[in-house]
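Asker: Pasting in a structure now, in structure tokens, and then I'll have a few things to ask.
Since every read-out is calculated from the coordinates, none of them should be taken as a lab result. Predicted model only: the values in this text are computed from it and were never measured. Because the Cβ atoms are built from the backbone with ideal geometry, glycine has one as well, and the counts that use them run over all protein chains shown.
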Amino acid sequence: MNVHPWFPGALGRWKWLNEPIPAERLAALRVATALAVLVDICFSYLPHFTVLFSADELGGRDLCADRFRDGRFYWSVLRVLPDSWGPAALFGTWAASAVGLLFGWRTLLCGLVCWACAVSLWNQNPLLHNGGDRVRNSLLLFVSLSACAEVWSYRGRGARGVLVPGWVVKVLLVQLACIYFFSGWAKLQSPIWRNGFVMYWVAHDLAWSQWPWGAAQVPVWALRLSALVTLLWELLFPVLVLWPRGRAVALALGAAFHLATFFTLEVGMFAFYSLACYAAFVPWERLRRAG
């Protein structure tokens with residue numbers, strides 16, 4: 001399905017926001033997002049499924065019942081399904097819709113179902129989740145509303161030279177700029193971020209570091225430099241993306257940052273979902289022509 005929103009005034013006339021993009025960009029975003037969801041289901045949730053979702057252990061509809069009291073607007077499918085089989089049904093539906101999204105089958109339906117399952121889990125037990133899961137939820141909504149199945153789908157339709165509305169990728173870029181800038185701004189208020197020593201402490205922290213025993217082998221100056229580069233990159237990201245070369249540098253640093261955090265820090269699926277966002281910015285159509 002091809003959804004193109006109405007933008008008011010100057011936004012509707014803004015060429016950058018409304019110009020079409022190669023269909024490969026959205027197809028890559030769809031595939032990367034679906035793969036990240038399937039990895040999340042298989043390796044984050046299922047190994048601890050009984051403990052996390054059984055009413056006799058740490059789950060059940062009454063776990064965070066206060067979130068659903070009158071006057072609040074949280075919702076979850078798990079609130080209307082029985083505790084006995086509801087979580088299993090939701091995860092089965094979530095996995096099936098992610099597979100459908102992966103192969104480009106009825107992407108609006110699969111994307112919205114996938115999104116509803118993800119939001120239901122988030123609202124039912126926010127203690128299990130972090131900022132990466134918020135990225136997941138918005139990604140699924142973007143993908144479901146985009147023309148992401150024109151290429152690289154089970155239909156095989158529009159294999160070459162297809163252009164699709166690019167507003168999803170542009171909004172995604174703005175979202176990343178906001179995430180990085182405000183994250184950097186918050187870090188800038190901390191003295192240990194400004195002097196770079198935050199990475200020294202994080203690298204030796206048993207709760208944050210995946211390799212705390214190896215941190216002693218890394219020079220302190222290198223850890224401080226990594227913190228300062230991260231801070232500078234986050235603050236400058238909205239400026240760098242305003243022109244093509246700066247955008248390429250900002251995105252390359254971002255990909256390196258998320259890969260590094262995935263292999264060194266306990267950040268859950270945040271790195272995976274963030275990297276899925278980056279799939280939309282790779283010039284896949286140029287790579288195809290080069291091949």
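Asker: Please sort 95-103, 25-33 by packing, taking for each peptide the average over its residues of neighbouring beta carbons within 10 angstrom, highest first. Could you put the intermediate results ahead of the total?
Answerer: Working: 95-103: 20.6, 25-33: 25.1.
For the peptides 95-103, 25-33, the packing ranking is 25-33, 95-103.
Asker: Find the Rg to Rh ratio for the range 166-291, where Rh is the Kirkwood radius over alpha-carbon pairs and Rg uses the same atoms.
Answerer: 1.01
Asker: Ignoring GluC sites (Glu not before Pro) that are buried or in helix or strand per DSSP, and keeping those with at most 15 other beta carbon atoms within 10 Å, what is the longest stretch of the chain between them?
Answerer: In short, 58-265.
Asker: Report, in deg cm²/dmol and to the nearest 500, the calculated mean residue ellipticity at 222 nm for the chain, where each DSSP H run with n ≥ 4 adds -39500 (n - 2.57) and the sum is divided by the residue count.
Answerer: Helix-only estimate at 222 nm: -18500 deg cm²/dmol.
Asker: Residue by residue through the range 180-188, which ³J(HN,Hα) values in whole Hz follow from phi under the Karplus form 6.51 cos²θ - 1.76 cosθ + 1.60 (θ = phi - 60°), with glycine and proline marked x?
Answerer: Values per residue, Gly and Pro as x: 5, 5, 6, 5, x, 5, 5, 5, 4 Hz.
Asker: Ranked by Cβ crowding within 10 angstrom, fewest neighbours first, how are Ser274, Ser120, Ser44 ordered?
Answerer: Ser44, Ser120, Ser274
Asker: Let me ask another. Please list, in order along the range 126-142, the HN-Hα scalar couplings obtained from phi with the Karplus expression 6.51 cos²θ - 1.76 cosθ + 1.60 (θ = phi - 60°), rounded to whole Hz, x for Gly and Pro.
Answerer: x, 5, 7, 10, 9, x, x, 6, 5, 4, 4, 4, 5, 4, 5, 5, 4
Asker: What chymotrypsin sites (Phe, Trp or Tyr not before Pro) does the range 140-212 have in DSSP loop regions with at most 16 other beta carbons within 10 Å?
Answerer: Within the range 140-212, the qualifying chymotrypsin sites (Phe, Trp or Tyr not before Pro) (loop, at most 16 other Cβ atoms within 10 Å) are Tyr154, Phe197, Trp208.
Asker: Now, a different point. Here are several values of mean projected area of the Cα convex hull in nm²: (1) 20.9; (2) 18.4; (3) 15.8. Which one was derived from the coordinates shown?
Answerer: Recomputing mean projected area of the Cα convex hull in nm² here picks out (2).
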